[in-house]
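The values are calculated or read from the model by the stated rules, or taken from the named source; none is laboratory data. All values derive from a computational prediction rather than experimental measurement. Glycine also receives a Cβ, built like all others from the backbone with ideal geometry; neighbour counts cover every protein chain displayed. Just the protein is used for accessible areas: all its heavy atoms, side chains included, with ligands, DNA and RNA removed. Shrake-Rupley method; radii C 1.70, N 1.55, O 1.52, S 1.80 Å.
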Amino acid sequence: VPPTRQRLGLVIFYFALGGENWSNKAGFLNPNTHECTDWKTVVPDKFNMIGALCEEGDDNNDSSTYTTNRLSRIIFAQNNLKGTLPTELTFLSDLSFLSLEKNSIAGAIPSELSQLSNLALISLTDNFLKGGIPTEIGNSKSLREIHLGTNYLSGTLPSEIGKLSTLEYLSLETNNFIGTIPNEIGGNNDDYSNEE
């Protein structure tokens with residue numbers, strides 16, 4: 001990921017989710033800092049670390065190997081995020097962990113998240129998400145955990161969830177889903193409805 005594209009993705013994320021009103025800005029948008037070293041902070045008695053977390057890795061570019069900082073995690077649980085998830089999260093192509101639970105994120109889950117081939121965990125529990133789960137989710141070959149409980153998601157579950165061969169945990173409680181659980185998801189076809 002070119003560094004400017006990664007930084008641009010984070011800047012769009014900040015503005016799309018009301019960064020100026022976050023409980024803890026974690027150093028975001030400080031022009032004298034780097035997103036991989038300074039856009040995070042320790043939060044005692046909460047979730048340990050919030051912000052943008054990077055890992056050093058090797059990229060192979062024209063047969064020469066060099067070390068680069070690649071954003072792998074965004075953690076902003078319970079931090080007063082308000083707005084909709086920007087499709088520009090796809091600019092963060094090395095993202096493996098997206099944890100934004102207990103905020104006020106509204107709107108739909110962007111289908112473009114399926115383009116994040118390294119995404120292993122998505123946690124959007126306890127927000128205000130609406131609409132259905134995008135069918136494109138079945139293209140996310142690295143997803144191990146999906147946490148979408150306590151939102152306003154609706155419709156039927158897409159059978160494409162059954163294509164997620166690495167999926168270990170799926171949390172969808174307290175939403176407005178209707179219909180049957182597709183056979184492709186664990187071979188279960190029980191009727192369900194969790195409308196309240």
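The table below gives the values:
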item: Number of positions in region 140-166 that are over 15 Å from ILE105 (Cα atoms) and either under 15 Å from the mean Cα position of the chain (by Cα) or free of Cβ contacts under 8 Å to residues at least 24 places away in the same chain (or both); result: 7
item: Qualifying residue in region 47-57 (condition: open to solvent by less than 80 Å² (accessible area, probe 1.4 Å), over 19 Å from SER123 (Cβ atoms), outside any helix (DSSP H, G or I) and at pLDDT below 80); result: yes
item: Qualifying residues in region 115-149 (those that are of a type in the set (S, T, N, Q), outside any loop (DSSP other than H, G, I, E, B) and open to solvent by 20 Å² or more (accessible area, probe 1.4 Å)) - the one nearest to THR87 (Cα to Cα); result: GLN115
item: Matching residues, region 84-94, being surrounded by fewer than 18 Cβ atoms within 10 Å (Cβ to Cβ) and either touching a strand residue (DSSP E or B) at 6+ places or on another chain (Cβ under 7 Å) or among the basic types (Lys, Arg) (or both); result: THR84
item: Enumeration of residues in region 171-194 that are at pLDDT 95 or above and out of contact with any Ser or Thr (no Cβ under 8 Å at 6 or more places or on another chain); result: LEU172
